[in-house]
Structure formats: structure tokens, C-alpha cells
Amino acid sequence: MNRAETVVSAMLDAIRGVIVEHDVTYEEYAIAKQWLMDVGEAGEWPLFLDVFVETTVERNAFRGRAGSAGTILGPYHLPDAPVLDAPFELPRRPDEQGEPLTLSGRVTDAEGTPLAGAVLDVWHADAEGFYSGFHPDLPPGIFRGKVIADAEGRYEVNTILPAPYTIPHEGPTGAMVAACEWHPWRPAHIHLIVDAPGHEPLITQLFFEGSDYLDGDVAGAVKEDLVVRPVGGRVEYDFALAPAEVPLAAA
Ligand code: MBD
Ligand code: FE
């Protein structure tokens, strides 16, 4: 059996098993079929998959990897955010709401050797839980940018504390969450991709002690090591990167 057949057969068998085990009716089958079409039409597949599936892929793929904990990428990364200039501050509106937050620390390899010039691609929601590029209220580029670590691997970036995020209520993903009587929230978080030559990019998020939904992230992406405690508007966090995986062909 080739890889596609192995995985696809197993997924179809799992679905068929659920239908039999739970006596899924023809009416329910029709509702599910329409819902799947609706998710596509609403452009919500990235949202649905990253909220309900990505954490399993991430935990499985990176099990035992050296360095700092990673977590899911999510649907709101934009790869072309600009490289910012020191002193680093994520772009914001003149009247931006939200508590000021300074995030700083070091980027090292898995052994603690500083990685000079490491790049930290940072993005997060505003104080209302909206992401620029995905919400009409925010001008493009707000709370997105790349920060560069100095010669000792130290970085510092000024921004604000983001708000918890809720899945849009109007769409099919929100309708599924409501039908299941779940809540649609993620705790407040800052996304980062930390990268340096010769190392695996670290896709991660930082969460905030005491913030709402920390224990019930709808995306299941919180890890203890990623929860930080702001003191006087400052958070220190060090990132350790695993060495780049050498492709077998080149070994
Ligand atoms: C988010 O902000 C997010 O990070 C994920 C993973 C899913 C939905 C919204
Ligand atoms: Fe997010």
C-alpha cells in the first residue's frame, strides 16, 4: 500500500466506523454534506483545520524535538511582514487601545549558544481580538513584523497585550461549535516564528498567566512552557532552536 492509500483508507474507515457506531441517519448525512460545502464556500477550511486538527499534527510531528516548545501556526500568519528597525515596535494605530507590553529575551541553539541576528516574526490580535489582514476594522500590517536579535542573540519588542480570540459566530465553524455547545474562544496569545540559519524554524505562541480560556483553548494549543507572567508590562522569554534536520540524501 502506498502512503496515500494507507492514510486515506484509515481516515475513511474511521468515518465509516463512527457512522455505524452512532447510527448516523440519512438526514444527518445530508446535513454533514451541506456543512462541508458551506465551510469551503465560506473559506473557513484553514480556520477549521488549524483550530480542530493542527495541534495533533504539531504534537506528533515535533515530539522529542530539542529546544523550546512550539505550538500551532494557525490561519493568520502573513509571511511578508516587514523587517522592522531597532528599537523594535510592532506597527500600531495612533489611538491603539491595550496595555503596553515589552517582550524580550535571548535566542540560542539547543545548547544555549547565542544565535546572533536570529529573526523573530511576530504577529498577534489587537485589544479586541482581531487580526490585521483578516478583519476590515484594522489597516494592513498592524501588529505584524520581523524583529532581529543582536550580536548576543538578545531581542526586545514593544507592543500591546492582545485580547482573547473568538471564532467568527456567523460562519459554519461557529455553527458547529454552537451545535456542540462548546465555547469558541482561544486565550490571548502572541504568535512567533523564530529562525536562524542552520536551525529549525520554531513556530510557537506565548500565552499569559491568569488570562481567560487558558484552560479551555478551543484550539487545544496551550502548553505549560508557553505561559508567561507579565511583570510591570514586561515579559522575558528565551527561545532555543533545534538544529536543522539534515535531509537523508545529503547525510
Ligand atoms: C487564531 O488566532 C489562532 O491562533 C488559531 C490557531 C486559530 C484561530 C485563531
Ligand atoms: Fe492566533
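General remarks:
- Averaging 1/r across all pairs of distinct Cα atoms in the chain and inverting the result yields a Kirkwood radius of 20.0 Å.
- Efficiency of FRET from Cβ geometry, Leu12 and Trp182, R₀ 25 Å, rounded to 0.05: 0.45
- Applying 0.36 nm per residue to the separation of Ala32 and Lys223 and subtracting their alpha-carbon distance, the gain on full extension is 65.6 nm.
- The chain, dipole about Cα centre (Lys/Arg Cβ +1, Asp/Glu Cβ -1), debye to the nearest 20: 460
- Size descriptors for segment 1-85 (Cα atoms only): Rg and Dmax, in that order, 18.0, 60 Å.
- Oblate is the label for segment 1-51. Its Cα gyration tensor axes, ordered a ≥ b ≥ c, give a/c of at least 1.5 and b/c at or above a/b.
- Pairwise centroid distance, computed over Cα atoms, of segment 121-181 with segment 192-251, Å: 15
- Within segment 112-251, the ratio Rg/Rh, alpha carbon atoms throughout and Rh by Kirkwood, equals 1.02.
- Fraction of beta bridges assigned by DSSP in the chain that are antiparallel (%, nearest 5): 70
- For trypsin sites (Lys or Arg not before Pro), the sites in segment 36-119 that DSSP calls loop and that have at most 11 other Cβ atoms within 10 Å are Arg63.
- Annotation note: GluC sites (Glu not before Pro) in segment 18-122 located in DSSP loop regions with a Cβ neighbour count of at most 11 within 10 Å are Glu111.
- Taken over segment 144-185, the alpha-carbon convex hull comes to 118 cubic angstrom per residue.
- Look at the alpha carbon pairs under 8 Å that are at least 6 residues apart: their mean separation over the length of the chain gives a relative contact order of 23 percent.
- Residue order, fewest to most beta carbons within 10 Å, for Tyr29, Tyr213: Tyr29, Tyr213
- Rg followed by Dmax, in Å, when segment 186-238 is reduced to its Cα trace: 12.3, 37
Coordinate-derived values only; no laboratory data. Computed from a predicted structure; not experimentally measured. All Cβ positions, even for glycine, are placed from backbone atoms using ideal geometry, and neighbour counts span all protein chains on display.
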